[in-house]
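All of the numbers you see were taken from the coordinates with simple rules; none came from a lab. What you see is a predicted model, and the numbers here were worked out from it, not measured in a lab. Don't worry about glycine lacking a Cβ; one is built from the backbone with ideal geometry, like all the others, and counts go over all protein chains shown.
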Amino acid sequence: MFDPFTGAAGGTAELPVAARLGLEPPRYCTRCGRRMIVQIAPDGWWARCSRHGTIDSWRDDQR
């Protein structure tokens, strides 16, 4: 398990304020720790890991 905002292995550290408010998308895959491709739109975001696929704010109910 990796931190989605720092990529650090292990448990998650304290979330940044923007992430707690739902304004900051995850930048790292929680399964493998790889940097993800992130696209931010006015109504949400999506992030894609080359190994594990895409997640988005709509599916995570963060829009």
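Where residues in segment 36-58 are assigned to a loop (DSSP other than H, G, I, E, B) and in contact (Cβ under 8 Å) with a residue 12 or more places away in the chain, which of them is surrounded by the fewest Cβ atoms within 10 Å (Cβ to Cβ)?
Step one: list which residues in segment 36-58 are assigned to a loop (DSSP other than H, G, I, E, B), which gives 36, 42-43, 50-52, 57-58.
Going one step further and asking which of them are in contact (Cβ under 8 Å) with a residue 12 or more places away in the chain, we end up with 36, 43, 50-52, 57-58.
Working: 36: 22, 43: 8, 50: 11, 51: 10, 52: 13, 57: 17, 58: 12.
Ranking the qualifying residues of segment 36-58, first place goes to 43.
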Checklist entry - Is it the case that residue 33 is surrounded by 15 or more Cβ atoms within 10 Å (Cβ to Cβ) and either small (Gly, Ala, Ser) or out of contact with any His (no Cβ under 6 Å at 6 or more places or on another chain) (or both)? => result yes
Checklist entry - Has segment 6-21 got at least one residue that is exposed (fewer than 13 other Cβ atoms within 10 Å of the Cβ), of a type in the set (Lys, Arg) and either in contact (Cβ under 8 Å) with a residue 24 or more places away in the chain or in contact with a Pro (Cβ under 9 Å, 6 or more places away or on another chain) (or both)? => result no
